[in-house]
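Worksheet for the structure shown next.
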Amino acid sequence: MKHYFIQQNYFPRLTLFFAGWGMDECPFMDYCSGNSDLLVCYDYRSLDFDFTLLQGYQEIRLIAWSMGVWAASMVLQDMDLPICESVALNGTVTPVDDLKGISQQVFEGTLEGLNEVTLEKFIRRMCLKKENLETFLSKRPQRAVEELQEELRRIGEQVKSCAVPSFAWERAVIGKNDLIFTAVNQRNAWTGTEVAEYDIPHYSEEIMRDLLCPSVI
C-alpha cells in the first residue's frame, strides 16, 4: 500500500482516506481538509500499512471509497486507534460478492478484459455525468494499466483467501446512480449501519470534497 500526505501541518487531527482501486494522489491534490492533516492511501496490491504515520494524532476521521472500504476494514479491524468518525462511500466490506458487492462475473470480466480502451469505459461509468468526468480526467491517476490489472488481481486473491473483515463502520453513503457497486447491493451490505443515499454515481467530486474537506471538524 502506498501513502501520500496531501496536507501535513501536524494538526492533532487526521483525515485518513482510503481511495478506490486504480487511484493515486493526483485526484485529491487540490483538497484541503481544514484544520486536519489529510493522508491518502491507495494501491492495494499489498495491505502493508505504516502505522507510524498515525502516531501523535488525537482524533482520526476515517473516510473510505469503493475498494478502499474493504482495504481499510482489513487494515484497521484489529487496531486501537482514536477514530472519531468512519464513513464508507460507495463500497462494502465484501467487494466481490453477487449480493453485497461487485458480482463475481463482472469482477472477473473487468480483470481479464482490462486494457486502455476498457479502462476509459470504466472511468466513464464511474463518473457518469459529463462535468464529473471532465473534472476527474483533468487530474486522473498517473498509473499504467498493467499495474492496475495487477492491483485488481491481488485484490481478488486477497478477498478469496481472507475472512470478511470485522471493522464496524459508523455510516455508509450510497450513490443511487452507482454503476460499479450497485445501490441495491450496497443496501444489502449495510443492514444495521446508518445509511445516507444521494443521487450520485460511483465517483462524485462534490461528495468526495464534502467528506474530505469539511469546513469545521
Legend entry - Residues satisfying the stated conditions in the stretch 126-140, i.e. out of contact with any helix residue (DSSP H, G or I) (no Cβ under 8 Å at 6 or more places or on another chain) and either open to solvent by less than 40 Å² (accessible area, probe 1.4 Å) or of a type in the set (Lys, Arg) (or both): 129, 130
Legend entry - Single unsatisfied condition, residue 81 versus (1) open to solvent by less than 50 Å² (accessible area, probe 1.4 Å); (2) in contact (Cβ under 8 Å) with a residue 40 or more places away in the chain: (2)
Legend entry - Cβ pairs under 9 Å, 6+ apart, first in the stretch 175-186 and more than 20 Å from residue 205 (Cβ to Cβ), second of a type in the set (Lys, Arg) and assigned to a loop (DSSP other than H, G, I, E, B): 185/100
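Would you confirm, using the coordinates I've provided, whether residue 113 is closer than 16 Å to residue 47 by Cα and among the small types (Gly, Ala, Ser)?
no
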Inset, instruction - Starting from residues that are of a type in the set (A, V, I, L, M, F, W, C) and in contact with a helix residue (DSSP H, G or I) (Cβ under 8 Å, 6 or more places away or on another chain), keep the ones in the stretch 6-22 and report whichever is nearest to residue 118 (Cα to Cα). - result: 21
Legend entry - Members of the stretch 47-73 that are open to solvent by 40 Å² or more (accessible area, probe 1.4 Å) and either touching a helix residue (DSSP H, G or I) at 6+ places or on another chain (Cβ under 8 Å) or in contact (Cβ under 8 Å) with a residue 40 or more places away in the chain (or both): 48, 50, 53, 56, 58, 59
Legend entry - Number of positions in the stretch 1-46 that are more than 22 Å from residue 142 (Cβ to Cβ), in contact (Cβ under 8 Å) with a residue 40 or more places away in the chain and surrounded by fewer than 17 Cβ atoms within 10 Å (Cβ to Cβ): 4
Inset, instruction - Examine the stretch 141-157 for a residue that is without any contact (Cβ under 8 Å) to a residue 12 or more places away in the chain and surrounded by 16 or more Cβ atoms within 10 Å (Cβ to Cβ), and state whether such a residue exists. - result: no
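Conditions tested, residue by residue: (1) assigned to a loop (DSSP other than H, G, I, E, B); (2) of a type in the set (A, V, I, L, M, F, W, C); (3) under 19 Å from residue 178 (Cβ atoms).
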| position | (1), (2), (3) |
| --- | --- |
| 30 | yes, no, no |
| 49 | yes, yes, no |
| 62 | no, yes, no |
| 75 | no, yes, no |
| 86 | no, no, no |
| 98 | yes, no, yes |
| 117 | no, yes, no |
| 131 | no, no, yes |
Inset, instruction - Inspect the stretch 100-107 for any residue being over 29 Å from residue 188 (Cα atoms) and open to solvent by 40 Å² or more (accessible area, probe 1.4 Å) and give the result as yes or no. - result: no
Inset, instruction - Provide a single number: the residues in the stretch 108-129 that are farther than 18 Å from residue 184 by Cα, basic (Lys, Arg) and in contact (Cβ under 8 Å) with a residue 24 or more places away in the chain. - result: 1
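I'd like the full set of residues that are modelled with pLDDT under 95 and not polar (S, T, N, Q), limited to the stretch 169-204.
192, the sole residue that qualifies.
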Inset, instruction - For the stretch 143-153, state whether one or more residues are more than 17 Å from residue 95 (Cβ to Cβ) and part of a loop (DSSP other than H, G, I, E, B). - result: yes
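The values are calculated or read from the model by the stated rules, or taken from the named source; none is laboratory data. From a predicted model like this one, the values you see are computed outputs, not experimental measurements. Here Cβ is always computed from backbone atoms with ideal geometry, including for glycine, and neighbour counts include all displayed protein chains. Ligands, DNA and RNA are stripped out before the accessible areas are found, and what is left, the full protein with its side chains, is counted by its heavy atoms. Shrake-Rupley method; radii C 1.70, N 1.55, O 1.52, S 1.80 Å.
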